[in-house]
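Take a look at the structure set out below.
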Amino acid sequence: MSKFVDAFRHSPFQPLREQLDVVMRCVSLVRPLFEAVRDGEFETLEKITKDVFKAEHDADIIKDEIRQTIPKTFYLPVFRGDLLGHVKLQDDMADAVEDIAFLLTVKRMQLPPGISDIAMEYVDSVLGVCNLAQKLNEPLENAIQQGAPHDLVEKVLASVAQVERAEWESDRIQYKLSKVLFAQEDKVSSLDIMLWFKIFGELGQLANSAESLADRVRRMLTSR
């Protein structure tokens, strides 16, 4: 029997929090990954990548247990489909980090000096979106458990809007970064430029998944 059966009977959000804790362990390694590449510390990069793969695997195990448990529960205060969607979006965040780690290690390279500062700014902006999204789970749980009173719902929805704004700001930085990256074509090989473009795209996917997670929170509150 899944360890989450009793947890779901008490609250459907406890297993989600446990999954998100592990997912955020993945996310917390994104900046160290980029710092290692920037500084040319490739042994450190390999070590951090192994930590990412381990955390992503742990998150997968929790995801599978949650999926096996939800259909066996008799009553949930929110739709099962919304819970399963929430689980998938959290898993998508961990998957995006794993993809970033893979791409950063598939070829030994360094951040071109001309993009280093804005690249780290972009990394921090994406992590900011993820951190804001993480903070939604507890207010969501409180609002649901108290019957979704208007004042609590409005506070959560305001926080959702914060996540969306942060993701929009992150998109703006990604656009600027892409222009600066392609302006380096006389100094950086075409292969490296396209690989960096792909890496920055995966970072964008991480931010998108965090924003989608916030949108799922909105759906849980407004579709009741």
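Residue check: is V123 surrounded by 21 or more Cβ atoms within 10 Å (Cβ to Cβ) and touching a residue at least 40 places away in the same chain (Cβ under 8 Å)?
Working: surrounded by 21 or more Cβ atoms within 10 Å (Cβ to Cβ): yes; touching a residue at least 40 places away in the same chain (Cβ under 8 Å): yes.
The answer is yes for V123.
Report whether or not L181 is in contact with a helix residue (DSSP H, G or I) (Cβ under 9 Å, 6 or more places away or on another chain), part of a helix (DSSP H, G or I) and surrounded by 19 or more Cβ atoms within 10 Å (Cβ to Cβ).
yes
Every residue, every condition in (1) modelled with pLDDT under 95; (2) in contact with a Pro (Cβ under 9 Å, 6 or more places away or on another chain); (3) within 28 Å of L84 (Cα to Cα), yes or no:
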| site | (1), (2), (3) |
| --- | --- |
| I173 | no, no, no |
| K179 | no, no, no |
| L191 | yes, no, no |
| L203 | no, no, yes |
| A207 | no, no, yes |
| E211 | no, no, yes |
| R224 | yes, yes, yes |
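All but one of (1) more than 28 Å from V22 (Cβ to Cβ); (2) assigned to a helix (DSSP H, G or I); (3) not hydroxyl-bearing (S, T, Y) hold for D186; which doesn't?
Status for D186: all satisfied but (2).
I'd like the full set of residues that are hydrophobic (A, V, I, L, M, F, W, C) and over 10 Å from the mean Cα position of the chain (by Cα), limited to region 191-224.
Kept after step one, since they are hydrophobic (A, V, I, L, M, F, W, C), are these residues of region 191-224: 191, 193-197, 199-200, 203, 206-207, 210, 213-214, 217, 220-221.
Residues satisfying the conditions are L191, I193, M194, L195, W196, F197, I199, F200, A214, V217, M220, L221.
Report the residue count in region 53-66 for those that are at pLDDT below 95 and either in contact with a strand residue (DSSP E or B) (Cβ under 9 Å, 6 or more places away or on another chain) or basic (K, R) (or both).
1
To keep it simple, each residue is scored yes or no on (1) modelled with pLDDT of 85 or more; (2) out of contact with any helix residue (DSSP H, G or I) (no Cβ under 6 Å at 6 or more places or on another chain); (3) farther than 24 Å from D117 by Cβ.
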residue	(1), (2), (3)
L20	yes, no, yes
A36	yes, no, no
I48	yes, no, no
D51	yes, yes, yes
Q68	no, yes, yes
F74	no, yes, yes
E98	yes, no, yes
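Here is a list: Q68, Q90. Which entry is among the polar types (S, T, N, Q) and surrounded by fewer than 16 Cβ atoms within 10 Å (Cβ to Cβ)?
So the residue among Q68, Q90 that is among the polar types (S, T, N, Q) and surrounded by fewer than 16 Cβ atoms within 10 Å (Cβ to Cβ) is Q68.
The values are calculated or read from the model by the stated rules, or taken from the named source; none is laboratory data. Since this is a predicted model, take the numbers as computed values, not measurements. Cβ: placed from backbone, ideal geometry, glycine included. Neighbour counts: every protein chain shown.
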